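S.K.: This is the structure I have questions about; it appears just below.
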Amino acid sequence: MKEKKKLSLAMQIFIALVLAIIVGLLLQGHSSIAENYIKPFGTIFLNLVKFIVVPVVLFSIMCGIISMSDIKQVGSVGLKTVAFYLCTTAFAVSIGLFFGSIFHNLFPVVATADLSYEVKGSLSLMDTIVNIFPSNFVQPMVEANMLQVIVMALILGFAIILVGEKTHRVVSAFNDFDAIFMKCMEMVLSLSPIGVFCLLCPVIAVNGPKIIGSLAMVLLAAYIAYVAHAVVVYSLTVKLMGGLSPIKFFKGMLPAIMFAFSSASSVGTLPINMECTEKLGAKKEIAAFVLPLGATINMDGTAIYQGICAIFIASCYGIHLTLGQMLTIILTATLASIGTAGVPGAGMIMLAMVLTSVGLPVDGIALVAGVDRIFDMGRTTVNITGDAACTIVVSNLEAKKQAKLAAKSEA
């Protein structure tokens, strides 16, 4: 008797995504049902994912650094990662401004007389630099502050390498912890289809009418720019620098892409993104370093959103952005992407910085705040795909570098 072939996780998530859209549309007149009885199960699932993220990142990075056994290699990986993220973010905001300019005449002109918007929280470059370094051993793990968790893992990993042979029992214990938390991650991710359905269905039920409302053209421009950036920039970098077929890359990334679209959380998508990139051939120790860093500082989708929204808000106020102002937006959005947390809604703080940099009223954020969740779903998907592209590229470049060094030592 033949065993029934089990549906792949990507297919299960896709079915859940389609069902969530259908049920969400059917519940549009009764969105309270979706909000009160379906959304809580999605929140439970997202809580479980976030619960497992910190130990997975901490032990994965530590074990990855120990297995590299070379502090210089960690520095090389870090430098390549930050350079990739900054370059693609600059490209992303340029693409956002480009499509914003193309769609400019099709954008609706919304009244701005009674607008007000208060930005919660502020972000300065020096604050960001100071906040990278933890002042407490437990706090970064309690608050799930990914940058601080990465710094902790780096310090502990480097210390273990420098102490040397004496640490073999600790290394063995950390590897065991890593295996245990990875197994926990597998267990949680097996619930992904249910989580995706419960997270997306209420969003469709609540926002359905708004999507086809006055901001439809702004959303369309943003999503076209999201797709263009992913297809052009990531396909080229993965092919030319990562040595991987773009079709294979996007096919392998489908589970993470669909999960990110439903949850709108870069940090929440981390475990599934790690699994996808490792299946695509990325080294585990590199994925464990590059992906958590990307979930915190790589904001390509958010940068596209900044460009589109800046042009839309400017048009509502009857302001035409000059080339100089557009270049300022590119620079501000690229720098602001570092330190912005990968959680839903964090793009609002970045948008406030971008608008301020070119003298646009921050109150204009109120124009897009109502459908921010719909923008967020797309921009999170782009963000995590960029993280994965970087992982493939850095992994391939490091493999080539190691092969060259091995060839030299043999010669």
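S.K.: Probe of 1.4 angstrom, ligands and nucleic acids ignored: what's the accessible area per residue over the chain, in square angstrom?
M.R.: 46
S.K.: What's the magnitude of the charge dipole for the range 131-239 around its Cα centre, counting Lys and Arg as +1 and Asp and Glu as -1 at the beta-carbon? Answer in Debye, nearest 20.
M.R.: That gives a dipole near 220 debye.
S.K.: Let me ask something else. Where does each of 276-284, 321-329, 57-65 land if you order them by average Cβ count within 10 Å, highest first?
M.R.: Result, highest mean first: 57-65, 276-284, 321-329.
S.K.: A further question follows. Excluding CYS63 itself, calculate the net charge of residues whose Cβ lies under 15 Å from the Cβ of CYS63, where each Lys or Arg counts +1 and each Asp or Glu counts -1.
M.R.: -1
S.K.: Can you give the angle from 0 to 90° between the axis of helix 216-229 and the longest principal axis of the chain, with both taken from C-alpha atoms, to the nearest 10?
M.R.: Orientation of helix 216-229: about 30 degrees from the principal axis.
S.K.: If you build a Gaussian network model of the chain, linking Cα atoms that sit under 10 Å apart, which residue out of SER69, SER135, SER235 swings the most?
M.R.: Result for the chain, Cα springs under 10 Å: SER135 fluctuates most.
S.K.: Which residue, chosen from THR81, VAL358, GLY370, occupies the Cα position most advanced towards the positive end of the dipole of the chain, where the dipole is computed from +1 (Lys, Arg) and -1 (Asp, Glu) charges on Cβ about the Cα centre?
M.R.: THR81
S.K.: Further question on the same structure: Quickly estimate the mean residue ellipticity at 222 nm for the chain, helices only: each DSSP H run with n ≥ 4 gives -39500 (n - 2.57), and the total goes over all residues, rounded to 500.
M.R.: -24500 deg cm²/dmol
S.K.: So how strong a dipole does the chain carry about its Cα centre when Lys and Arg Cβ are +1 and Asp and Glu Cβ are -1, to the nearest 20 debye?
M.R.: Computed charge dipole of the chain: roughly 1160 debye.
S.K.: Using only Cα atoms and rounding to the nearest 10 degrees, what angle (0 to 90) does helix 323-336 make with the longest principal axis of the chain?
M.R.: Roughly 40 degrees between the two axes.
S.K.: Compare ILE150, ILE180, ILE66 in a GNM of the chain, Cα atoms joined below 10 Å, and give the one with the largest fluctuation.
M.R.: Maximum among the listed residues: ILE180.
S.K.: For the chain, set up a GNM with springs between Cα atoms under 10 Å and report which of ILE365, ILE102, ILE297 has the largest fluctuation.
M.R.: ILE102
S.K.: Say the dipole of the chain comes from +1 at the beta carbon of Lys and Arg and -1 at that of Asp and Glu; which of THR334, VAL206, ILE13 then lies farthest toward its positive end?
M.R.: ILE13
S.K.: Further question: Against the longest alpha carbon principal axis of the chain, how many degrees, from 0 to 90 and to the nearest 10, is the axis of helix 168-189 turned?
M.R.: Roughly 40 degrees, rounded to the nearest 10.
S.K.: Along the charge dipole of the chain, which of ALA256, THR380, ILE95 sits closest to the positive end, that is, farthest toward it, with unit charges on the beta carbon of Lys, Arg, Asp and Glu (+1, +1, -1, -1)?
M.R.: Towards the positive end, the residue furthest out is ALA256.
The values are calculated or read from the model by the stated rules, or taken from the named source; none is laboratory data. Source: prediction; values computed, not measured. Cβ sites come from the backbone with ideal geometry, for glycine too, and all protein chains shown count toward neighbours. Please note that ligands, DNA and RNA were not included when accessible areas were found on the heavy atoms of the full protein model with its side chains. Shrake-Rupley method; radii C 1.70, N 1.55, O 1.52, S 1.80 Å.
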